[in-house]
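What follows is a short report on a single structure.
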Amino acid sequence: MTITIGRMNNLRLVRTDDKGGFFDADGYGEVFLPRSQIPEDLKPDGSLSVFCYIDDGRLTITAKKPRVLLGELGRLLVRDVTPGAAYMEWGIRKDLMVPFREQNPEFQLGEYYVVYVDIDNEGRLFGTSKFNRYFTDYLPEDADLKAGDRVTLMPVAKTPLGIRMVVNNSYFGMLPAHLAAHNDVHYGIKMKGFIQSVRPDRKINLSLYQGGQEGVISAGGFILTKLREAGGHLPYCDKSDPRDIERELGMSKGKFKKVIGSLYKNKQILLDDNGITLIPENS
């Protein structure tokens, strides 16, 4: 058994007393966990998933899972600031320390920031907002991602080209500006999306909608939402300029035609030369 600091580990319960239980932590020996965190039906030789971290030079465990694990990104709240570090609410008893040199910009009390969890040479976990060094802008040649694949995304920065996102906690990708403008994106909050394309230079373009029929269904829900927000009518139809459709709805004219065709077939909208209208019973 190997203990991985900063991750959840399955440890075996060795024995218990009135205050709690002692778990086998391999080379760290037996580690105590308060009774309040131990399931009543857990007996000696049973195992429990616990988070392992170093606190005051010794291994400490908790059955609570922190909001961000080692090697992950997350959005956390600053609950204390000192001259040398900020301390972020982590979801466990211990706060996540972010040294001053790892802050960009300088953290402010009560604000949220996207941080990456790393570990130093002494096994201590820390956070950093300087996480560009942990991800690559290019999809490796041996990576198995391709256009159309469903992925987990985390928005991290706004750029002139769109919103920069971390894909599957491994690579940077870009959600183009015309798509980002029409979707509710929250920085540091995970969301689902799709690989739109992998460019010849191996950079990743992203979409929040899937290609094919599933993509039409997803985009159809988006169009219905936009119709409701607009009071039941949108001034786009087969004769609309493709650039207007892409700018205002974040999709190609070809996809727009497929989507409204599906909505019309399902008797959810009406079509005419002035645009599309939501059928009242669907409003």
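Below is a table of values for the structure above.
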read-out: Cβ-Cβ under 9 Å pairs, at least 6 apart or on other chains, the stretch 80-106 side at positive phi, far side surrounded by fewer than 19 Cβ atoms within 10 Å (Cβ to Cβ); value: Gly91/Lys64; Gly91/Lys65; Gly91/Arg67
read-out: Cβ pairs under 7 Å, 6+ apart, first in the stretch 191-205 and in contact (Cβ under 8 Å) with a residue 12 or more places away in the chain and under 13 Å from Leu153 (Cα atoms), second part of a strand (DSSP E or B) and of a type in the set (D, E, K, R); value: Lys192/Arg150; Phe194/Arg150
read-out: Count - residues of the stretch 108-155 that are within 21 Å of Tyr53 (Cβ to Cβ) and either in contact with a strand residue (DSSP E or B) (Cβ under 8 Å, 6 or more places away or on another chain) or in the same structural domain as Ser197 (by TED's automatic domain parsing) (or both); value: 18
read-out: Of the criteria (1) out of contact with any helix residue (DSSP H, G or I) (no Cβ under 9 Å at 6 or more places or on another chain); (2) within 23 Å of Ile189 (Cβ to Cβ); (3) not hydrophobic (A, V, I, L, M, F, W, C), which one Pro160 fails; value: (1)
read-out: Subset of the stretch 230-283 (residues that are outside any helix (DSSP H, G or I), under 21 Å from Leu208 (Cα atoms) and free of Cβ contacts under 8 Å to residues at least 24 places away in the same chain); value: Ser252
read-out: One residue from Ala147, Ala177 being surrounded by fewer than 15 Cβ atoms within 10 Å (Cβ to Cβ), of a type in the set (A, V, I, L, M, F, W, C), farther than 25 Å from Arg79 by Cα and modelled with pLDDT under 95; value: Ala147
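The values are calculated or read from the model by the stated rules, or taken from the named source; none is laboratory data. All values reported here derive from a predicted model rather than from experimental measurement. When we count neighbours, we look across all protein chains shown, and the Cβ atoms used for this are built from the backbone with ideal geometry, even at glycine.
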